[in-house]
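Written out below as structure tokens is the structure these notes cover.
Quick note: the coordinates plus some simple rules give every number you see, no bench work behind them. Since the model is a prediction, treat every value here as computed from it, not as a measurement. Virtual Cβ from ideal backbone geometry, glycine too; neighbours counted across all protein chains shown.
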Amino acid sequence: MELKSDNLKLIFGIKLKQLRKEKGLSLKEFASKTNLSISYISEIESGKKYPQIKKIIHLASALGVSYDELVSPKVNEETNPVTAFMKSPIFQEFPFQMFGFTLNDVVDLMKDSPKSAAALIRTLTEIGEMYDMKVEQFFFAALRSYQKMHNNYFDEIEIAADIFLRELNWPSNEPLNYDILAQTIESKYHCQIDESTISRFPELQSFRSIRIDGHPPRLLINARLMPPQKAFILGHEMAYEYLKMKERPMTSSWLKVESFDQVLNNFKASYFAGALLIPRDRLVEDLKRFFQNPVWNPDAFVKLMDQFDSTPEMFMYRLTQLIPKYLNLNEIYFLRFNNVPGTDHFQLTKELNMTRYFVPHGIGLNEHYCHRWLSIKLLQQLANLQVHNNTPHVLADIQRSTFIDSEAEFITISLVRPLVLSEKTNSCVTIGFLIDSEFKKRVRFHDDPSIPTAQVNETCERCSLKDCRERAAEPQLYEKQKKLEMREQALIQLVNEIKRNS
């Protein structure tokens, strides 16, 4: 990947500072030899300025190197991993500013100790290669961290959705429907909606939508989708137009992630769509009333979702946005598992953990997730119903989960359904709440004795529980860790005995 101009400044600054130090020159001495000010040289070394040709000649002469050698982006072996990292998509696209850093801040950490920085970067690079980590995985991890920093609530998007609804003269407590969204997109933004074209391409049947730029632009929607899903796609499209976001993927499912801005804008568009279709104030009030029930009622929970004409994922993810803000329940997590009925493979396809505890994580992890988790149980239950041709549109359930080797206890609520576009695939979305004093105050059914309980862990490979009927794999990683601990204890014992006898 070619270096951007800002990164050329940074590399030039790293190189200049390194050569100056090799010559044993202080900033003051170097400024005197080059007839340049100390502040100007400092700005060059920090990557803020790139000097003119005449000044580069003076700098090169003072350092005893040629002009070509100084301006070349090639560096010595000591700083090569640093510059290689700066050329990488991760460095050039990573949203440092979202976490209060600039590129210069990151480079400043590298410049003062290039050998240590290079060693760290080599280590991180090797870890990434070992686990076959892609650039987009770093982007999605950065997005999740950004969401956690804000408790997954973004007031500016909520306000934008409120203003949009007022401009349409639409009641703020009523979900926006497909017809109004379609009419607005076609009349105001001159985008054609096409529900027939995707069906002519078998290879594209898994896409919910495809956006094709042109005059006019066309939004292709998969006709097999349910009405709430089609409405969400229109709300998602409306977000790009209304919020004036340019960087975007062409398809609803990621084919290729080209930049972090694409990832961030896609998240904002989804958030905006959720705010249009599931009104904030109405849901919060309905949820408060539901939580005041003394016993858990799955039918009432499904009814709460259905009144917003929502899919389980849209509804549950909207809950993760509003519950921390308006109910002060901050220790929550969201999981989405997929499963092909009849198989024992459960794939974690989406996660957001805003708790202090480890829950199933690691999308693509080649381990067996604990089958005691409600998500897994509910997927198995739906698969059994499908064998007997009894497929409900959605199943809801609840479980009190206690972590093995921990006192942390969660209430988990799950919704499961068959997917529309992925044949023979079921999907389960789950929200977990840490049972703390705030949760007990907000949720009356927290102590409902009818709620089943279970001890859970992350994966079978890491679990110490013996005689587990649900175990899907041997505890290899747990046993490996225990053996390591025993060897460490034996080594300590050996050293202590020798010291006592010497």
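The angle between the Cα long axis of helix 5-22 and the longest principal axis of the Cα atoms of the chain comes to about 50 degrees, rounded to the nearest 10.
Computed extension gain for Lys499 through Asp405, at 0.36 nm per residue and net of the alpha carbon distance, reaches 30.4 nm. Measuring r between the beta carbons of Ser199 and Arg444 and using R0 = 51 Å, the FRET efficiency lands at 0.60. If you work out P(r) over Cα pairs in 20 Å bins from 0, in percent from the coordinates, which of (i) 18, 43, 29, 10, 0; (ii) 23, 58, 18, 0; (iii) 19, 47, 28, 5, 0 do you get? Answer by label: (i). In plain terms, the chain from Asp162 to Asp281 could stretch by 41.8 nm, reckoned as 0.36 nm per residue minus the Cα-Cα distance. Between helix 312-327 and the chain there is an angle of about 70 degrees, using the helix long axis and the longest principal axis of the Cα atoms. Ordering Trp170, Trp254 from the fewest to the most neighbouring beta carbons within 10 Å gives Trp254, Trp170.
Between segment 241-312 and segment 473-490, the alpha-carbon centres lie 43 Å apart. In this simple spin-label model, placing a label point 7 Å from the Cα along the Cα-to-Cβ direction at both Glu174 and Ile57 gives a separation of 7.5 nm.
Under 5 Å between amide hydrogens, built in the peptide plane, is the criterion, and for Cys463 it picks out Tyr478 among residues at least 5 positions away or on other chains.
Computed from the Cβ-Cβ distance with R0 of 41 Å, the FRET efficiency linking Asp213 to Asp299 stands at 0.35.
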